[in-house]
Each structure stands twice: as structure tokens, then as C-alpha cells.
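What follows is a single structure, written as C-alpha cells, with notes after it.
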Amino acid sequence: MTTRTATKAAIKISPEPKQEPAPALLAELAATAAAIAGMQPSMLDRRNLRQTFKRRIEATGLNPESYADRYRQSPEEQSTFLEGVLNGETSFFRDATVFAELSRWCLAWFAHNNGTLRILSAPCSTGEEPYSIAAMLEQSGIPLDRFTLEAIDLSSLAIEQARTAIYNGLSLRNLPQPAQSSFLERVPKGWRVKPHLRSHVTFRQANLLDPQTLEPEAYNLICSRNLLIYQSPEARTQMAASLAQALAPGGRLVIGAADWGRDLDAFFRLEEPVNSFALRLRDADLPSNSHTKTTTLPATAPKPSRSRAELTNRTTKSRGNHDPSDQLADVTALYRHALEAYLRSEEREAERLCRQTLYLETDHLPSLELLAKIHRPQASNRMQLALHARLKRHRAAAPQGGAQ
């Protein structure tokens, strides 16, 4: 056997040890990262945790134990680790129903107010939502000097990308070609938001759990979608209090379809009809133009529950005593459990819970999207094709206006 052959054999027999974290260490890293963001550790994707751990091991050149020591002692390393595990998936005009209702509400606000509409997008991720809001208002005929738009996110990497404002791939999945060219311009690396819109959105990196992040009564409209679903109960309460303080009287808070929970009741009340996810301050007086018809936003139009008692094992005999917000609580809890199961890689359990959610609310978009994601690896799967057709029908039925 030659020396080269012997060396190859030795390499094959004695590979480099894998830099896999022990389960207890991974749980410790997850708990610390989650605490910074106010998240439940169970809502962090285990695959992202492992991949981020490996990347940080390679970047620092440390072994797992030495890296763990650095992580415990360095807030900077904890923040860097957190950057790798945060879920920043988003897209332009995500959920056309939301933007159609946002457009209506904003136009109604301008019809009865001469001032400047102050808007906050938080978390803003990589910027698709705030740029979509700015484009929506411009397309609705609102001059840029009639509104301000601030965007906040915990991730400094997301803020950096948002300021660059170059997008492609999934970010554009909800945009037909004419809509892209209306506020985006072609650049070598993809599509970039046009300069006049880029200059009108102010980005900053901040933690919404910090009580100093938001000024009192600073905004007429706050969009904080798909955040509270990930938060721990304590963080949800703290976040709700901060958002309530930052919302001006007569303003609206827009949350995601799966963000609603009874813990928000102390600060907000749902718009009518109750299946909307636009919130107003519970103790605020109605604005002076309250004689006009209230516009709800965003509406996910859930269908009435046919078998809520079957799911919750309650024996309410009179549907006349049924509180519609109970159904929202059931749907939100089911979807939260489905998302937790998916992040634990328990896809069968996640699918089961999504189906229960859709039994209560047949058009619950987050559950439909999660089901599609579960079946995405099987490109030819009939279930995936059916789910995409259903999603397409749901989005096509939504009021058009935001993304046009």
C-alpha cells in the first residue's frame, strides 16, 4: 500500500469528529437566545439552532465546550447567535386582504384628518412590509409628505438588508410583474425599491421589549404581525403594554391572524366584526369622526365554528350565549401548537393540528401556509397541489387594492 493510499484509508477510518452540540447545551443556548427576544424556547427551530451552532463553531475556531463558555460570558456572542436563529421569512404585500383593508382605513383616516399619519412596522424583518405600506399609500394617491413610516427589528442583519432594499426569490412571490415595476427597479442582483420610497422609510435596530424603544402615543397605525405568536406569556403582556402606550388615541394596532390571545384583552379590544385582527385601545374614546362607518382591518373572514364543543369538550347548549372571541382563542391556540410541533420537526402532529384549525376556520391562512410548507418537499404530492390551489383561491377572493 502506498503512502497516499494509506493516508486516504486513515482519513476514511478516522474522520473528523462532528461538532454537534449536546442536547443539554443546545437547550441552554436556545433558552438564552429566546430570553433576549422574549420568545418561548419551543418556538425556535431546532434545525436553525444546530446550524447556527456549527457556523459559530467554525467562525470562532473553538470546540463546543469553549464556545459555550464564550457564549455564557459574551452578550455580543449571544446577540450574534440569536441573529442566526431568528425567523425572518416575509414577502411584499403578504396577505392581500390585510393590505386592502389597510388601504381603506388609511384613506378614511386622511379624509377626516389634516395631519400626518404616523406608522410603525415592528418587527419589520428585511423591510418588505414597510416598503409595501409606503407603496400602497403612494398607489392610493397619498403624497409622501402626508405620512411617516418607521420600521424596527431586533436583527441588525435584517435592518442592514432592509436598508439595501434589494430583493428576489420568495420576497416577490405575491407580486405580479406590473406591480413589481410600479415601485421596484431592476438591478444586477434582483429588484430594488425605488429611491423615493427608500428614503421615506426610517429603519432602526431595537428590541421591542425595551420600554425605551417606543415613545408614548407616537403612532396612529402600528403593524406588528406574526410576532406575538412566538412570545412567552410574560413577554406578550409586556409587549402588549408597550404597544398600547405607543398607540395614539383613535389609532389601530394590526396583528397577525394567529397573534390574538386573551392576554391582550387588558389593553385592546377587537374591531367589529369580532373576527377581525385590528385592535383599538380598550379605554380610548372613539375619534371625533366616529359617526363614519368603522373600517375593519385586517379581516381573515373565518367561517363560523360548527363543532367548537367537539374540540374543547365544552357543553354549551345555547349558541346564543356563544362568545365569538372564544373561537379566536381556540383557533389561535391550535395554530400555536401546530407551529410548535412543526419547529420540533413533528410534522404529522403539526399537520393534525392544522387540520383541526381549518375545521374551525376554513380560510385560516397561516394554517394553510404551514400545511403547504409541510408538504413542500414532495413536489409532486397531490396534497401539496391541492393546498396551493386552495391558497390561490383564497388570495384571489381577497379584496384587491393593496398589491395592484
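Listed values, structure above:
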| read-out | value |
| --- | --- |
| Neighbourhood charge, 15 Å Cβ-Cβ cut-off, centred on residue 185 and excluding it, Lys, Arg +1 and Asp, Glu -1 | +4 |
| Net charge over other residues, Cβ less than 14 angstrom from the Cβ of residue 37 (K, R count +1; D, E count -1) | -4 |
| Per residue, in Å², the accessible surface of segment 169-250 once ligands and nucleic acids are set aside, probe 1.4 Å | 46 Å² |
| Nearby aspartates and glutamates by direct alpha-carbon distance to residue 189 (threshold 14 angstrom, same-chain neighbours under 8 apart not counted) | none |
| Neighbour net charge for residue 206 - beta-carbon separation under 13 angstrom, K R +1, D E -1 | -3 |
| Span from the segment 102-146 Cα centroid across to the segment 41-85 one, whole angstrom | 38 Å |
| Sequence ranges 134-141, 332-339, 351-358, ranked by mean other-Cβ count within 10 angstrom, highest first | 332-339, 351-358, 134-141 |
| Extended-chain gain in nm, criterion 0.36 nm per residue less alpha-carbon gap, residue 245 and residue 262 | 4.3 nm |
| Distance (nanometres) between label positions extended 7 Å along Cα→Cβ at residue 345 and residue 113 | 4.8 nm |
| Cα-based reach from residue 54 at 20 Å (exclusive), listing aspartates and glutamates while leaving out same-chain residues under 8 positions away | 16, 20, 28, 45, 65, 69, 76, 77, 83 |
| Order by protection proxy (mean Cβ within 10 Å, highest first), peptides 118-127, 70-79, 89-98, 202-211 | 118-127, 89-98, 202-211, 70-79 |
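The values are calculated or read from the model by the stated rules, or taken from the named source; none is laboratory data. Quick caveat, the model's predicted, so the values are computed rather than measured. For neighbour counting, all protein chains shown are included, and Cβ atoms are generated from backbone atoms with ideal geometry for every residue, glycine included. Please note that ligands, DNA and RNA were not included when accessible areas were found on the heavy atoms of the full protein model with its side chains. Shrake-Rupley method; radii C 1.70, N 1.55, O 1.52, S 1.80 Å.
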